[in-house]
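Read through the structure below, which is laid out as structure tokens, and then see the notes.
Read-outs: derived from the displayed coordinates by stated rules, not from any lab. Just so we're clear, the structure is a prediction, and the values are computed from it rather than from any experiment. Here the Cβ positions follow ideal geometry from the backbone for every residue, glycine too, while neighbour counts run over all protein chains shown.
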Ligand SMILES: [Zn+2]
């Protein structure tokens, strides 16, 4: 494990407001997996983590169990947990749910715009997209955040709060970061991404329901292809690593 902010001892005064110890440990460990402090070959051992964070075993156990349920790690009998590589099936299933949610959101957003509601959403989407395109040396993390903000804003433009909650619950931002971890290929996809985001905005401005729906489907279909390619590349790298250690 590399030392980083995320892997420092737990410090109550420095953590997020309203977070329990287990919440803070969970957040830090997920980020450590997503942003590379933990290598995919690292084991997560309860006692080691308790020593490192200087907390008791209880919040560590709770955080790890939650991460296992979310699919980031899996238990190995008597040896703690290991980090999982997202499976193509898991990713494809999540993307299918995501397309349904975002298309519904896009259609509802057009209806809201036609009624003269949520007019600010289009301006927000344009602003986020401008930032995505203008940021020099965009970091992986910033790209993940801005892209997630774009999609969250689109979903919220529907005005349907339940849709927003469900969308938040499928944790697309985490999955996106997880899939792309350690790969730089997302950079080569920025041009298509910005054209596709542009098409979504344009269709919203035109209040064109079928164009919005199609633009979302095209964008997410292309982004699923990219995600599956990233997973393939990682599986190949992992196999080569295992081979080299034999
Ligand atoms: Zn996007």
Reported to two decimal places, what Rg/Rh ratio describes the chain when computed on Cα atoms with Rh from the Kirkwood expression? 1.01
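Which value, to two decimals, describes the C-alpha radius of gyration of region 18-152 once divided by 2.2 N^0.38 Å? Intermediate values should be presented prior to the final figure.
Working: Rg = 19.5 Å, N = 135, 2.2 N^0.38 = 14.2 Å.
Its radius of gyration relative to the 2.2 N^0.38 Å reference: 1.37.
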For region 104-163, what number results from the quotient of the Cα radius of gyration and 2.2 N^0.38 Å? 1.22
Compute the angle between helix 190-205 and the longest alpha-carbon principal axis of the chain, please, reported from 0 to 90 degrees and rounded to the nearest 10. 40 degrees
Calculate for the chain the 222 nm mean residue ellipticity that helices alone would give, adding -39,500 (n - 2.57) per DSSP H run of length 4 or more and normalising by residue count, nearest 500 deg cm²/dmol. -22500 deg cm²/dmol
Folded to 0 to 90 degrees: helix 120-134 orientation relative to the chain principal axis, Cα: 60 degrees
Whole number please: convex hull volume per residue, Cα atoms of region 5-83, in Å³. 86 Å³
Once you put a point 7 Å from the Cα of residue 190 and another 7 Å from the Cα of residue 168, both along the Cβ direction, what distance in nm separates them? 3.0 nm
Between residue 146 and residue 119, the FRET efficiency computed from the C-beta separation at R0 = 25 Å comes out, to the nearest 0.05, as 0.70
Can you tell me the 0 to 90 degree angle between the C-alpha axis of helix 57-70 and the longest principal axis of the chain, rounded to 10? 40 degrees
